[in-house]
Structure formats: C-alpha cells, structure tokens
Amino acid sequence: MRAFLTALLCCQLLAVAAQATETKTLFRMTGSNTVGAELAPLLVKGYLQSLGATDIEQRSEGVRHWISAQLEGRRVEVPILALGSSTSFKALNEDSADIGMASRRIKRKEMQMLARFGDLAGAEAEHVVGLDTLTIGVHPSNPIAHLTMDQVRQIYERKISNWQELGGPDLPIRPLHRDIESGTRTTFDEDVFGESRPAEPGVYEVSGNAETRQIVLRDLGAIGYLPFAHTQGIKKVALKVGDLAAIVPDRGIIATEDFP
C-alpha cells in the first residue's frame, strides 16, 4: 500500500510539473504582412509587459512569429501569422485566429461571411493601430524623381517597360507587385486601376514588404510600392495626380492624409 501511495504521489507531482511547463496560447493573430511583420510583435510584447510578464522572447520563421513569456507562474505564447490581409478574415471564419490584422478596410463579402460575429466594420470590432501611405520606391541611383499616377499604371500594365521612356537610363523596368492576398495590393490596385486585377506577364509578385525593399535596393531597374514605414534606404518617388504638384511622401503629409 505504501508503494502504491508513493507511486500515486509521484504521478500527481509529474502531472503538476507537466502542467506548469505547458505553454498556454493567449490568443492567435493572422493577416496582414504590413501589420504582422514588425508592428504586431511589438504590440504583443508591450501588452505582455503591461500584464507584468517576464522573460519575453520572440521566435520567427519567415512570416510566422511566436511571442512567448512567463506570466503568473506559467509559460504563455501568442502566435502571429502574417500572410496577407485577406487571410485575416478567412482565419476568423475558420476559427484559426482570434484577432485579424488588415492593412485595408473589410470588404462587403467578408462582412457577410462573418455576419454571425456582428458588425466587423463597427467601432466595437475594428481598431485602427496606425496610419500609413503606399510609397512608390526605386533604387537610390535611379534619377527618376517623380511619376504621375498614369505613368505608374502604364508601368504595371507593361505599356512602359524601359526607364528611358520616362527620361531615365536605358534600363528595363522591373515592376514588383504584392501577392493576391495582400491588403497593400488591394489598395494599390483600387487607387491605380480602379479595381483588383491579375498581374500582367513580366510583373514579379513578392511575398511581403521586406522582399520588395530588398529587391529595390539591389536591382537598379526595380520599382515597387510599400508602406512608408518600410522605405528605409530606398528612393521615394514623388507622385503627381491630376493638376496638383507632385508630392513627396513624408510623415507630416501622411499624418494630414494629403498624400495621394
């Protein structure tokens, strides 16, 4: 009997130890690469700090990030999957995420799909975490200083395919386009083309803002669009719309929402 009770006690202690070391998922975040690549991990770390968590760590593998910490005697974790804005609403619908990240407004069909959760365009559901603008970026050595919206459209339609046609060097243009799940791409398509559309042959699709920036910095002929917050080191092109003067994006212009 003594041996049996000792064995039972050991099993109970092992169960308690296993429970103490088991990692608890606080919540899951899925969606925008623009939000999820850098901003979301910082927000989660700040949230955990506000709860009094310690030993906060981040582990990343491509578009996947895990923020873990010690909280109230146990290990907790917040997984972040940054695949694009469209995936946020799909993940909410499939119950594979608790918070969706988007760099665009929710679409009508997505609101209908998630109607069981209430009004996802309402103030109770939608929380703005930042204001940014899409910036047209080229290699620092590219002499092109400004473009019209029509020229940007023709570049992505492949009607303009050499920088020489725009007063630049005799160099093929390599347009970079975000993937189809991207809210950044949705915004670009609607502003430039008036609608979402497939990429033209010769337009290279990238997986995120970091890849856009890397290619623009190393490829003399590349052109891409990306949030202002990701434009370190690249040349920001002034954008001209209609009869207005060409505007170079900066923090002040973004804050007043005066950039086209």
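The values are calculated or read from the model by the stated rules, or taken from the named source; none is laboratory data. Everything numeric here is computed off the predicted structure, so don't read it as measured data. Every residue, glycine among them, receives a Cβ derived from its backbone with ideal geometry; neighbour counts consider all protein chains shown.
List of remarks:
- Residue match in the range 157-175 (condition: under 27 Å from GLY252 (Cα atoms) and either at pLDDT 95 or above or assigned by TED's automatic domain parsing to the domain that holds ARG105 (or both)): no
- Residues satisfying the stated conditions in the range 158-184, i.e. part of a helix (DSSP H, G or I) and over 15 Å from VAL138 (Cβ atoms): GLY183, THR184
- Check on SER88, farther than 30 Å from TRP163 by Cβ, surrounded by 14 or more Cβ atoms within 10 Å (Cβ to Cβ) and among the polar types (S, T, N, Q): yes
- Figure legend. Inter-residue proximity from the range 68-90: first residues under 30 Å from SER196 (Cβ atoms) and not assigned by TED's automatic domain parsing to the domain that holds VAL206, second residues aromatic (Phe, Trp, Tyr) and at pLDDT 95 or above, beta-carbon distance below 9 Å, spacing 6+ or different chains. Indicated pairs: PRO79/PHE27; PRO79/TRP66; ILE80/TRP66.
Results for (1) in a strand (DSSP E or B); (2) more than 19 Å from SER103 (Cβ to Cβ), shown as yes or no for each residue.
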residue: ASP191; (1), (2): no, no
residue: ARG197; (1), (2): no, no
residue: THR212; (1), (2): no, no
residue: ILE215; (1), (2): no, yes
residue: LEU220; (1), (2): no, yes
residue: GLY224; (1), (2): yes, no
residue: GLN232; (1), (2): no, no
residue: LEU239; (1), (2): yes, no
residue: ALA245; (1), (2): no, yes
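Yes or no, residue by residue, for (1) among the acidic types (Asp, Glu); (2) more than 22 Å from LYS240 (Cβ to Cβ); (3) modelled with pLDDT under 95:
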residue	(1), (2), (3)
GLU110	yes, yes, no
PHE117	no, yes, yes
VAL128	no, yes, yes
ASP132	yes, no, yes
GLN151	no, no, no
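- Comparison of ILE180, ILE223 shows that the only residue that is surrounded by fewer than 20 Cβ atoms within 10 Å (Cβ to Cβ) and assigned by TED's automatic domain parsing to the domain that holds THR148 is ILE180.
- Number of positions in the range 24-76 that are surrounded by 13 or more Cβ atoms within 10 Å (Cβ to Cβ), closer than 23 Å to THR212 by Cβ and under 16 Å from the mean Cα position of the chain (by Cα): 18
- Within the range 112-125, residues that are closer than 18 Å to MET101 by Cβ reach partners that are of a type in the set (Val, Ile, Thr) and at pLDDT 90 or above with beta carbons closer than 9 Å, at six or more positions or on different chains, in the pairs LEU114/ILE106; LEU120/ILE106; ALA121/ILE106; ALA125/ILE106.
- Taken over the range 108-157, the residue count meeting the criterion of being buried (at least 17 other Cβ atoms within 10 Å of the Cβ) and in a loop (DSSP other than H, G, I, E, B) is 7.
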